[in-house]
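The values are calculated or read from the model by the stated rules, or taken from the named source; none is laboratory data. All values derive from a computational prediction rather than experimental measurement. Methodologically, a virtual Cβ is constructed for each residue, glycine included, from the backbone with ideal geometry; neighbour enumeration extends over all protein chains shown.
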Amino acid sequence: MTRELRPAELFARYQGNPILTPADWPYTVNAVFNPGVARLGSETLLLVRVEDRSGLSHLCVARSADGVEGWTIDRDRRLLPDVESESERFGIEDPRITICGDDFMIVYTGYSNAGPLVRLASTRDFETFESHGTLMPPEDKDAALFPRTFDGRWALIHRPVATQPRHAAHIWLSWSPDLHYWGEHTILLPAREGAWWDAHKVGLCPPPLLTERGWLLLYHGVRVTAAGSIYRLGLALLDAEHPERLLARSSEWIFGPHTAYERTGDVPDVVFPCGWLLDDDGDTVRLYYGAADTSICLAEASLSALLTWLERHSS
């Protein structure tokens, strides 16, 4: 693909960004953003957060042969909120997709009267979906499963929402024997303090990616300024067999909003990925992200370059 690369950033933006906008949808919507991503057969599949003009969101499938252009919007392949239930009364959003055997495990945010909570559904074809209920009660979001168990236990990364203005929001890790009962909750990645780029709150972006050095995390950090909040991305590395062990964390952000489509939109100054894919070459990482809560964009990076950079810029 044609790239636009800034010297300070490891991810190269696709020059044709945005790759999907509300104008591409076959029905009236307000915004499309924050997609989960998977490969299904020979195609790249995005499970897109679609915000209606009602203000509520649902999830819709978009497919492409090359993962860049020629997208087909499958209006009949949608995960719709159960608005009759308390857990999804105000919509669903921000899916993270993990492959576990033959199943695609979709962890997403449901909006209830009490605020956001973590929900789980599974599918094998993105045509029919099975609900597995609520994993974490309000207020909680930015969650994903690891694609394997550890000593027979599932591990979930998630981000409880700070309820007090003076408290920061941290990334947590929780464990379960059955995807139903969760415990041993611990802070995995705390928000920093003071003037750091990720001092106010942090949250997981795509699901963890297993590498030769451990589980690579891409996370967002939010810095609150006089002009509003800025969402930027950083890296962290977890031990492959003991993901509760943090091995490295980037001292700097590596990707942040600077283009017009990232700085202007329903929520300006936001880059927010929920999915990434490792290409068949074993090194090219494709990152699919929401820009300004309005459109969907694509960027690429070298996995080896990300790991080398993190080793040199870990705090």
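Restricting the range 263-294 to residues that are in contact with a helix residue (DSSP H, G or I) (Cβ under 7 Å, 6 or more places away or on another chain) and under 20 Å from Ala38 (Cβ atoms), the residue that is surrounded by the fewest Cβ atoms within 10 Å (Cβ to Cβ) is Asp283. The single residue among Thr123, Thr72 that is modelled with pLDDT of 95 or more and either over 22 Å from Cys205 (Cα atoms) or touching a Ser or Thr at 6+ places or on another chain (Cβ under 8 Å) (or both) turns out to be Thr72. Regarding Val32, is this residue touching a residue at least 40 places away in the same chain (Cβ under 8 Å), among the β-branched types (Val, Ile, Thr) and touching a helix residue (DSSP H, G or I) at 6+ places or on another chain (Cβ under 6 Å)? Answer is yes for this residue. Look at Arg75 and say whether it is surrounded by 17 or more Cβ atoms within 10 Å (Cβ to Cβ), among the basic types (Lys, Arg) and touching a residue at least 40 places away in the same chain (Cβ under 8 Å). So Arg75 fails the test. Taken as a whole, the condition of being touching a residue at least 12 places away in the same chain (Cβ under 8 Å), touching an Asp or Glu at 6+ places or on another chain (Cβ under 7 Å) and outside any loop (DSSP other than H, G, I, E, B) applies to Leu247. Residues in the range 64-85 that are in contact with a Gly (Cβ under 9 Å, 6 or more places away or on another chain) and not β-branched (Val, Ile, Thr): Ser64, Glu69, Pro81, Asp82, Ser85.
All conditions in (1) under 27 Å from Glu262 (Cβ atoms); (2) touching a residue at least 24 places away in the same chain (Cβ under 8 Å); (3) among the hydroxyl-bearing types (Ser, Thr, Tyr) hold for Ser174, with the sole exception of (1). Whether a residue is over 22 Å from the mean Cα position of the chain (by Cα) and either surrounded by 18 or more Cβ atoms within 10 Å (Cβ to Cβ) or without any contact (Cβ under 8 Å) to a residue 12 or more places away in the chain (or both) was assessed, and Glu93 does not pass this test. Answer with yes or no whether Leu237 is surrounded by 15 or more Cβ atoms within 10 Å (Cβ to Cβ), under 18 Å from the mean Cα position of the chain (by Cα) and touching a residue at least 24 places away in the same chain (Cβ under 8 Å). The answer is yes for Leu237.
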